[in-house]
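Remarks on the structure that follows.
The values are calculated or read from the model by the stated rules, or taken from the named source; none is laboratory data. Only a predicted model underlies this, so the values are computations on that prediction, with no experimental measurement involved. Ideal geometry is used to build each Cβ from the backbone, glycine not excepted, and the neighbour counts take in all protein chains shown.
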Amino acid sequence: MAENQTPGLVCAHHHLYSALARGMPAPPKTPTNFIEILQQIWWRLDTALDANTIEWSAKLGALEALERGCTAIVDHHESPNAIEGALSIIADACAEVGVRVNASYGVTDRHGPEGAAAGLAENDRFLSEGGRGMVGLHASFTCEPDTIAAAAEMAAKHGVGVHVHVAEGQEDSWQMLSGHTTDDWWLVHGVYLPDDHGLLGTMIHNPRSNMNNSVDYARPQRFANPIGLGTDGIGADMLDEFRVAFVRAREYNVETTPDDVWAWFEPGWALMPEARTDIVSWSYSPMDPWRLAYSPGVSPTKVEIDGKVVFENGTTTYVDAAEVRAKAAEAAQELFKKLEATP
Ligand SMILES: [Zn+2]
C-alpha cells in the first residue's frame, strides 16, 4: 500500500436510517435529556419509516460513506412499521452503491411482544437466507428478559454476535445482559458501565454522538474489552470520527496518542476483514495517524473495493450520485410529511 493509501475504513456502528433525518420537522416538544431525545426524535422517526424511505436512506448513507473512504458499515436498524424484509432492503441498497454492510434489526419490546417477535424473526430470516449480519437488540432497558435470552440464543445458533446499545444513558439497566454476552457481541457506547462490568464483547465508542446527546464521556480505555469506533448514525466519515475520538480522549487524558485511537479501527477490520484489502487513496501523504490527528479535511481521491473502482474523480462509479441524492431528497419529503402527522 502506498503512503497515501489506507485500507477501507469501517464504521463499526451506524444507523443508515438516520440519513434522511437531517432537515426533519422539529418535534412537538424540545427534548431536554437523552431519553427525551429518543422519544421525541428517533422513536418518532423510526415509526414513520417504510420500505421506500429505508431504501433511500440506506443508499444515501452508503453513498456518503464511500465518498469518505468508508467501505464497510456495521448497521443497526429499526423500523417498527416495516420490519419484514428491512434488512434485505438495506443489504441490497448498499450492494448497489458498492459498500459492504453487516446488518441487524434492533429488537425491542417497546411495541409489545408482537413487535419483539417480528424483530427477532427478521434477524432470523435475514441470517438464515445467508445475509451478513448480527442479531440486533435495541437496548436492554427496552427489552424483556425473555427477548434478550431469545436474541442471545438466535445469535449463537447463527454463529454471530448480538449488536446492542449498552448504558448509553443512565436509565439503561445493562445488568440484564449479564450472563448472556460472548466475545463476539457488539456492545455500543458503555458510557455508564462500571469499569468491572463483566460483559464480554467489543465496546463500540461513538464520541461525537455521545457529545451530541449530552451524555458523559464513555472513557473507553478503562475497559478490558477491545474498542471499536462508530458514528451512531452521524454519517460515516471515519477519519473525522477518528479526529473527534482523539481530541476527546486527549481532553480527558493528555497522554493518549493518535496510535492508541487509530487502533480502534481494528475490531471493524476483524469483523469485516475484506475491508482490509480495499484500497483508499487519499489527498494527503503519508497517512500516518500522528499527522492525521492534526489534519482536518483529508479526502479520498479513489476508492477500490474488491479490486473494483467504486469512487474516482470526485464521484461514485456504480451509481449516479446526483440521482441518489435527488431520489433521497424526495423520500425525505415523504418522511417529513409522515412525521408532521405523528403525535
Ligand atoms: Zn446507535
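Brief remarks on what is shown
- Where residue 173 falls short, out of the listed (1) touching a helix residue (DSSP H, G or I) at 6+ places or on another chain (Cβ under 8 Å); (2) modelled with pLDDT of 95 or more: (2)
- Failed item in (1) over 22 Å from residue 60 (Cβ atoms); (2) of a type outside the set (Phe, Trp, Tyr); (3) in contact with a strand residue (DSSP E or B) (Cβ under 6 Å, 6 or more places away or on another chain), with residue 219 passing the rest: (3)
The rows are residues; the columns are (1) within 16 Å of the ligand (Cβ to nearest atom); (2) without any contact (Cβ under 8 Å) to a residue 12 or more places away in the chain; (3) in contact with a helix residue (DSSP H, G or I) (Cβ under 8 Å, 6 or more places away or on another chain).
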position: 10; (1), (2), (3): yes, no, yes
position: 13; (1), (2), (3): yes, no, no
position: 23; (1), (2), (3): no, no, yes
position: 30; (1), (2), (3): no, yes, yes
position: 45; (1), (2), (3): yes, no, yes
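- Taken together, 270, 249 contain a single residue that is more than 16 Å from the ligand (Cβ to nearest atom), within 28 Å of residue 168 (Cα to Cα), of a type in the set (Gly, Ala, Ser) and buried (at least 20 other Cβ atoms within 10 Å of the Cβ), which is 249.
- Selection status of residue 37, over 15 Å from the mean Cα position of the chain (by Cα), modelled with pLDDT under 95 and among the β-branched types (Val, Ile, Thr): yes
- Against the list (1) touching a helix residue (DSSP H, G or I) at 6+ places or on another chain (Cβ under 9 Å); (2) closer than 30 Å to residue 292 by Cα; (3) not aromatic (Phe, Trp, Tyr), the condition residue 4 fails is (1).
- Only one entry of 51, 95, 82, 62 meets the criterion of being more than 17 Å from residue 139 (Cα to Cα), surrounded by 23 or more Cβ atoms within 10 Å (Cβ to Cβ) and of a type in the set (Gly, Ala, Ser), and that entry is 62.
- Restricted to the stretch 141-155, and to residues there that are more than 19 Å from the chain's Cα centre (by Cα) and closer than 23 Å to residue 224 by Cβ, the residue that is farthest from the ligand (Cβ to nearest atom) is 152.
Rundown of residues vs (1) more than 13 Å from residue 72 (Cβ to Cβ); (2) in contact with an Asp or Glu (Cβ under 9 Å, 6 or more places away or on another chain); (3) not acidic (Asp, Glu), yes/no style:
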site	(1), (2), (3)
253	yes, no, yes
257	yes, no, yes
260	yes, no, no
267	no, no, yes
273	no, no, yes
277	no, yes, yes
287	yes, yes, yes
290	yes, yes, yes
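- Positions within the stretch 222-244 being more than 15 Å from the chain's Cα centre (by Cα) and within 15 Å of the ligand (Cβ to nearest atom), in sequence order: none
- Reported count of residues in the stretch 157-170, each being surrounded by fewer than 24 Cβ atoms within 10 Å (Cβ to Cβ) and more than 13 Å from residue 201 (Cβ to Cβ), is 5.
- Of the residues making up the stretch 138-191, those that are out of contact with any Asp or Glu (no Cβ under 9 Å at 6 or more places or on another chain), under 17 Å from residue 209 (Cβ atoms) and aliphatic (A, V, I, L, M) are 164, 167, 187.
- Subset of the stretch 76-100 that is among the β-branched types (Val, Ile, Thr) and free of Cβ contacts under 8 Å to residues at least 40 places away in the same chain - its residue that is farthest from residue 235 (Cα to Cα): 83
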